[in-house]
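Asker: Starting off with a structure, shown below.
What follows draws every value from the coordinates through simple rules; no lab data is involved. Everything quoted here is computed from the prediction, not taken from an experiment. No Cβ is skipped: glycine too gets one built from the backbone with ideal geometry, and neighbour counts run over all protein chains shown.
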Amino acid sequence: MRFPSLLLFDDLGGVLIESSVFEHLNLLLPKPLENSALKTRWLHSPAVQQFERGESIPEEFAERFIAEWGLRITPRIFLKKFASWPRQFFPGARKTISDLRTNYRVGCLSNSNPLHWQRFDEFEDDFDITLFSHLLGAIKPDPEIFALALSRCEVEPSEVYFFDDCSANVQSAQNLGITAFHVDGFESLQDVLNVQGLMP
């Protein structure tokens, strides 16, 4: 097995899996936001953080999120929409993961929640290890989740390459000594994998 020993990917959305979270959320807002501003607000949302740490149930999350964001929608309808926002693997993503697993351990480290996690029943079969925030009790970009990931994977920071579409997550990983790359979707990821010589 070649260096690094572990490739760790962000998902459930934006790197290996298509996500329409921000597209559909903007349609619900009283006033649409630029994508970067929307991502930042989502990342710092108390309702989202609690839900993705596993600290609230879906009904509580819906009520808090609706109040926090000023949405005009019932909790029941919001949860139905919210659950559908992650889509499927980008075309070719599953093959890329399979190819990488011939030389590396491959895992995912995802901010997630019960509603999105349960949509991908066979998701864990694609990886050697899967780490989800709502099961770990910690979320990116907090350093705690990266420390937990290193412990669960039994690796040192220098052994890990991490790929994420959020610059704050990348910076947090780098601060711990992890080699981290900011990628903007699957095509961007493929470019980085090729430049780094990671593809078989």
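Asker: What is the angle, in °, between the Cα long axis of helix 58-69 and the longest principal axis of the Cα atoms in the chain? Nearest 10 is fine, range 0 to 90.
Answerer: Orientation of helix 58-69: about 70 degrees from the principal axis.
Asker: Residue 24 label point, 7 Å along Cα→Cβ, cut-off 17 Å on backbone N: hits in segment 91-126?
Answerer: 112-121
Asker: Same structure, new question: Show the residues, 5+ positions off or on another chain, whose built amide H is closer than 5 Å to the amide H of residue 45.
Answerer: none
Asker: Residues of segment 91-111 with the amide nitrogen closer than 16 Å to a label point 7 Å from the Cα of residue 135, along Cα-to-Cβ, please.
Answerer: 106-111
Asker: Still on this model: Calculate the dipole size of the chain relative to its Cα centre from +1 charges on Lys and Arg beta carbons and -1 charges on Asp and Glu beta carbons; express the result in debye to the nearest 20.
Answerer: Its charge dipole is roughly 500 debye.
Asker: Per 5 Å bin, what is the whole-percent P(r) computed from every C-alpha pair distance within segment 67-135?
Answerer: 3, 13, 20, 21, 16, 11, 7, 6, 3, 1
Asker: If you don't mind, another one. Obtain the nm distance between the two label points defined at residue 102 and residue 74 by a simple spin-label model: each point lies 7 Å from its Cα along the Cα-to-C-beta direction.
Answerer: Result for the modelled spin labels: 5.3 nm.
Asker: Still on this structure: Please give me the summed charge of the neighbours of residue 29: other residues whose Cβ is under 11 Å from its Cβ, Lys and Arg +1, Asp and Glu -1.
Answerer: With Lys, Arg at +1 and Asp, Glu at -1, the neighbours total +3.
Asker: Also, I was wondering about something else. How far, in degrees from 0 to 90, does helix 186-195 lean away from the longest principal axis of the Cα atoms of the chain, to the nearest 10?
Answerer: 20 degrees
Asker: For segment 111-146, run through the GluC sites (Glu not before Pro) and keep only the ones in DSSP coil with at most 14 other Cβ atoms within 10 Å of their Cβ.
Answerer: Sparse-neighbourhood loop GluC sites (Glu not before Pro): 122.
Asker: Excluding residue 145 itself, what net charge comes from residues whose Cβ is under 15 Å from its Cβ, given Lys and Arg +1 and Asp and Glu -1?
Answerer: Cβ neighbours under 15 Å give a net charge of -4.
Asker: Further question on the same structure: Give me the net charge of residue 168's neighbourhood, meaning all other residues with Cβ under 15 Å from the Cβ of residue 168; Lys, Arg count +1, Asp, Glu -1.
Answerer: Surrounding charge for residue 168 is -4.
Asker: Between residue 33 and residue 63, what length comes free when the chain is fully extended (0.36 nm per residue of separation minus the Cα-Cα distance, one decimal in nm)?
Answerer: Between residue 33 and residue 63, full extension yields 8.7 nm more.
Asker: Under a cut-off of 22 Å between alpha-carbon atoms, report the lysines in cross-link reach of residue 81, not counting same-chain residues fewer than 8 places apart.
Answerer: Result set, ordered by chain and number: 31, 39.
Asker: Oh, and also: Sequence-distant or interchain residues sharing an amide H contact under 5 Å with residue 185, placed H: which?
Answerer: Here the answer is none, since no amide H 5 or more places off falls under 5 Å of that of residue 185.
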